[in-house]
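Some notes on the structure that comes next.
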Amino acid sequence: MTDTTATAVPGDEPCMPDEELLLDLADLFKVFSDTTRIKILYALFDTPRSVGDIAETIGATQSAVSHQLRILKQARLVRFDRDGRSLIYSLADDHVHTMLAQGMSHICE
């Protein structure tokens, strides 16, 4: 687990998070830099889906979707449950919903 302590900054300015935490945050934001990954997250916004269903929904190959899902899983943005031999993907938690909604709200202002 990453240490979430912050270093005090002189004055009334907010505390600066430590360098490791800032690097983790930068890595998280990098995951959002690919439109295919964003499409996958939106495909999963309200509905858990299989790789094939995601691929059909976003117009990509299953191979491409699987590759991007691996990255999204590593970033803890998606999770999966087994349904027999199939994996059913969904957004990891409500934070992912919030990040997508807030990002869209920000760019639509």
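Annotations for the structure displayed:
- Here the simple spin-label model places points 7 Å from the Cα toward Cβ, and for residue 109 and residue 80 these points are separated by 3.7 nm.
- Per residue, the average separation of C-alpha pairs within less than 8 Å and at least 6 apart gives segment 17-108 a relative contact order of 25 percent.
- Look at the dipole of the chain built from charges on Cβ: of 51, 95, 71, the Cα furthest out on the positive end belongs to 51.
- Net charge of Cβ neighbours under 13 Å - reference residue 81; Lys, Arg +1; Asp, Glu -1: +4
- Taking only Cα atoms of the chain, radius of gyration then Dmax in Å: 16.7, 58
- Per-residue ellipticity at 222 nm from helix content only, as computed over the chain with -39500 (n - 2.57) for each DSSP H run of at least four residues, stands at -16500 deg cm²/dmol.
- Backbone HN-Hα couplings from phi across segment 79-88 [Karplus 6.51/-1.76/1.60, Hz, Gly and Pro as x]: 9, 9, 10, 8, 10, x, 8, 9, 9, 10
Laboratory data are not the source of any read-out in this text; all were calculated from the coordinates shown. Being a predicted model, the structure only gives us computed values, none of them experimental. When we count neighbours, we look across all protein chains shown, and the Cβ atoms used for this are built from the backbone with ideal geometry, even at glycine.
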